[in-house]
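The values are calculated or read from the model by the stated rules, or taken from the named source; none is laboratory data. A quick note: this is a predicted structure, and the numbers were derived from the prediction, not measured. Cβ atoms come from the backbone with ideal geometry, glycine included; neighbour counts cover every protein chain shown. Surface accessibility is based on the protein's heavy atoms, side chains included, excluding ligands, DNA and RNA. Shrake-Rupley method; radii C 1.70, N 1.55, O 1.52, S 1.80 Å.
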Amino acid sequence: MEQQRQVWGIMTKQGEIDYFKNIGPEGVEHSINKPYSDVSCGRYLMRLGAIMLLLPSPPAKLLDLGCGTGWTSLAFVRRGYDVTGQDISETAIQYADKIIDHEKMDHLKFIVGDYEDMSFEYEFDCAVFFDSLHHADNEEDSLRMVYRALKPGGMCITSEPGIGHSRAKGPVEAVRLYDVTEKDMPPKRIIRAGKKAGFKLFDVYPHASFIPTVYGRTGDKGILTKLLRLNAVRPFMAMSVMFFFKRVGGIVVMIK
């Protein structure tokens, strides 16, 4: 069993709890200042913007799951949501709480907890996993807890890395150094778990951050990029690429 867990990048929850203690001052500083501290800042902002377009309009109560040091929660509360940010790491939440102290924001609070074992019932209009569900030991338990936390007709949105994530250099290194969980979390897997949790309606949208790829604006000089820059084939290639990415890794919307 332990061998199988390591093959899939599933490690102990203690690694997730201690992550922000172990990444050092530079890692913490990077996390606190996301998305602007990250080389993928533009992609983060595009994905967050797409989520905001899909969410019910504020005012609404939003549960931000696996929020880390709180940058996504801050963005949601600035949009007008009443936000509860949750993370399994007490250290992360201590940093997140400083946002409230600094910004003096109402309608924002942070809690320490495991999203696979929550006690919320019928409290939230919507819930978001932003790059966090793939850290779950059991995504079915996670979505079952979220289903219970949502009001009737509530919405859960996931924006997760898809196929191949667990084998990429960064996640492999994170598993080795910090004993954290890194799994592939494509839409098909999320929807399967969502159905078992009780969700009734599902839809999948391609990540907005794939748009530069679709239009050949990534800086890559490969054959696909060259083809995408040809006006004659761009519409067909763009639709094909978007269809591909939607299946491999995209934004999943689930309705209770």
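Using 0.36 nm per residue and subtracting the Cα-Cα separation, the extra length available between Arg247 and Lys188 on full extension is 20.5 nm. In this label model, Ile111 and Lys34 are separated by 2.2 nm, measuring between points 7 Å along each Cα→Cβ vector.
A simple spin-label model places pseudo-atoms 7 Å from Cα toward Cβ; at Lys13 and Asp203 they are separated by 3.4 nm. In the context of the full set of protein chains, residues of segment 69-171 present 43 Å² of accessible surface per residue (probe radius 1.4 Å, heavy atoms only). Look at the alpha carbon pairs under 8 Å that are at least 6 residues apart: their mean separation over the length of segment 35-186 gives a relative contact order of 21 percent. Relative to the globular-protein estimate of 2.2 N^0.38 Å, the Cα radius of gyration of segment 41-168 stands at 1.00. Rg of the Cα atoms in segment 44-92, relative to 2.2 N^0.38 Å, amounts to 1.11.
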